[in-house]
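Trainee: Quick one: structure below, then a few questions.
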Amino acid sequence: MKFYIDASVFLHLLLDEDKAEDAEKILLMVEEGEASGYISPLVVEEVVFKLLVARASELGATSFYEFKR
């Protein structure tokens, strides 16, 4: 079985959202060799960006320049 793994799979797992359990199952299938998983560089970019935005929100930053400090 082959999967194109979208950013949402990683984000559900990393941000502990409702679908985290399903996301974990997909990634475990790939890890255990039951399936092949593929991503693109854009998936990595989106995951990093969304995690930065989530962290900035936790810190109360309202702009990029506030987050850099």
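Coordinate-derived values only; no laboratory data. Given the structure is predicted, the values throughout are model-derived calculations rather than measurements. Cβ sites come from the backbone with ideal geometry, for glycine too, and all protein chains shown count toward neighbours.
Trainee: Among LEU51, LEU11, which comes first, then next, by fewest other beta-carbon atoms within 10 Å? Please report the intermediate quantities before stating the final value.
Mentor: Values: LEU51 14, LEU11 19.
Ranked by crowding around the Cβ, least crowded first: LEU51, LEU11.
Trainee: With the dipole of region 2-68 worked out from charges on the C-beta (+1 for Lys and Arg, -1 for Asp and Glu) around the Cα centre, which of ALA56, GLY33, ILE5 lies farthest toward the positive end?
Mentor: Farthest along the dipole direction, towards plus: ALA56.
Trainee: Using unit Cβ charges (K, R positive; D, E negative) and no other charged atoms, how large, in debye to the nearest 20, is the dipole of the chain about its Cα centre?
Mentor: Working: 7 positive and 14 negative charges, 84 e Å.
Rounded to the nearest 20 debye, it is 400 debye.
Trainee: By its C-alpha gyration tensor, with a ≥ b ≥ c as the square roots of the eigenvalues, how is region 1-58 shaped: rounded for a/c under 1.5, else prolate for a/b larger than b/c, else oblate?
Mentor: Details: a/c = 3.34, a/b = 1.62, b/c = 2.06.
Since a/c reaches 1.5 but b/c is at least a/b, the shape of region 1-58 is classed as oblate.
Trainee: Tell me, what is the percent relative contact order of the chain, built from C-alpha pairs under 8 Å that lie six or more residues apart?
Mentor: Numbers: 49 pairs, mean separation 23.8, N = 69.
With pairs under 8 Å counted, the relative contact order is 34 percent.
Trainee: Mind sorting VAL43, VAL9, VAL53 by how few other Cβ atoms lie within 10 Å of their own Cβ, fewest first? Don't jump to the answer; show the numbers that get you there.
Mentor: Values: VAL43 18, VAL9 24, VAL53 13.
Least to most surrounded, the residues fall as VAL53, VAL43, VAL9.
Trainee: Something else: At 222 nm, what helix-only mean residue ellipticity would the chain give, in deg cm²/dmol to the nearest 500, using -39500 (n - 2.57) for each DSSP H run of four or more? Show your work: numbers first, answer last.
Mentor: On the way: 4 runs with 44 residues, N = 69.
When only DSSP H runs of four or more count, the value is -19500 deg cm²/dmol.
Trainee: Continuing with the same structure: When only DSSP loop residues count, what GluC sites (Glu not before Pro) in region 25-61 have their Cβ near at most 14 other Cβ atoms within 10 Å?
Mentor: Values: sites: GLU31, GLU32, GLU34, GLU45, GLU46, GLU58; in loops: GLU32, GLU34.
Answer in residue order: GLU32, GLU34.
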